[in-house]
Structure formats: C-alpha cells, structure tokens
Amino acid sequence: MKLTVPAATLFSAIALTVAAPAAEANATAEPIDKRGGNGASCGYSGGWYTVESWGSWDNDWGKGLLDNLRGQCGNIVNWGFNYGGNGNGYAGFAQSGRSHCVEDAIWLASNPTGAIWGLNCVPVS
C-alpha cells in the first residue's frame, strides 16, 4: 500500500493532534445534563459528599454509583441512597480521597446509558 499523503503533512497533522491543548474543565456548581437525559450534581464538605442524580443511569438505587465509587475511591463509608419526590436519586457518603475519584465514578456509572462529562464536585458550606 502506497502512502498518498506527503510524509511532512502527515507528521505535521500528528504533531498538531498530540500538541493540542486539553479542554478546560467546567468549574461550575451548576448541575450537568448530558445525553440520554442523564444528569448529576455533586457537592462536598470535608469528606462528606452528596450526589443528586437523574436520568436512566440511576435507576438501580445507586448500586452502579457505589460500585464505581469503591473502584475509584476505595473505602466508602456511611453510604445512603434514596429517591426524592421529584424522582431524582440522592446519595450521601464519606470518603477520604480527592473529589476527582467521585467525578470519575459518576462518569463510569452513567456511561452505559449516556456518560456525564465535565461534572465537578464543588465545595459547599
């Protein structure tokens, strides 16, 4: 098979792709809605986290979220999950790791039905 694109052009395109800056994270406290109607908001104070969820990704009483929290963050204590009158899920738990592991766990848990990208857990007072 012959290369039909000049090598210099090909290498320039690869270099631009590799050197492209990463997108900045959305550092807002606003809830994030993503494809599939999935959404979430996340806040923390000290080591206590609260996650509000909506869409089909939370129809398992938080089991997928808890599984992914354990996988990403390690020890999760004082786990609780319930549905509010609005149908949204509400999870509360404590963990001693960084908030990034919670954000990753939310992405992983929501991924099968519409991944929630760009969510930031924000400090609450």
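The values are calculated or read from the model by the stated rules, or taken from the named source; none is laboratory data. These numbers were taken from a predicted model, which means no experiment stands behind them. Using ideal geometry, Cβ is built from the backbone for each residue, glycine included, and neighbour counts are taken over all protein chains shown. Just the protein is used for accessible areas: all its heavy atoms, side chains included, with ligands, DNA and RNA removed. Shrake-Rupley method; radii C 1.70, N 1.55, O 1.52, S 1.80 Å.
Which order do Val51, Val122 take when ranked by solvent-accessible area (1.4 Å probe, heavy atoms of all protein chains), largest first?
These residues rank, largest area first, as Val122, Val51.
Spelling out what I want: for every residue of segment 87-104, take phi, set θ = phi - 60°, compute 6.51 cos²θ - 1.76 cosθ + 1.60 (Karplus), and round to whole Hz; glycine and proline get x.
The phi angles translate into x, 6, x, 10, 10, x, 6, 10, 7, 9, x, 7, 5, 4, 5, 5, 4, 5 Hz.
Once you list every other residue whose beta carbon is under 14 Å from the beta carbon of Leu69, what net charge do they have if Lys and Arg are +1 and Asp and Glu are -1?
Once positives and negatives cancel, what remains is -2.
At 1.4 Å probe size, put Ile106, Ile76 in order of accessible surface, largest to smallest.
Descending accessible area places them as Ile76, Ile106.
So if we plug the beta-carbon distance of Ser56 and Ala94 into 1/(1 + (r/R0)^6) with R0 = 30 Å, what FRET efficiency do we get, rounded to 0.05?
Between Ser56 and Ala94 the formula returns 0.65.
Highest mean first, what order results for 58-64, 84-90 on Cβ atoms within 10 Å?
58-64, 84-90
Roll a 1.4 Å probe over the protein heavy atoms and report the accessible area of Leu65 in Å², nearest 10.
Solvent-accessible area, nearest 10 Å²: 10 Å².
Find out how many positive minus negative residues lie around Gly89, taking Lys and Arg as positive, Asp and Glu as negative, among other residues whose Cβ is under 13 Å from that of Gly89.
Here the count lands on -2.
Can you run phi through the Karplus equation (6.51, -1.76, 1.60; θ = phi - 60°) for segment 112-125 and list ³J(HN,Hα) in whole Hz, with x for Gly and Pro?
Once θ is set to phi - 60°, the couplings for segment 112-125 become x, 10, x, 4, 8, 9, x, 6, 10, 6, 10, x, 10, 10 Hz.
Which order do you get for Trp48, Trp117 if you rank them by accessible area with a 1.4 Å probe, largest at the top?
Trp117, Trp48
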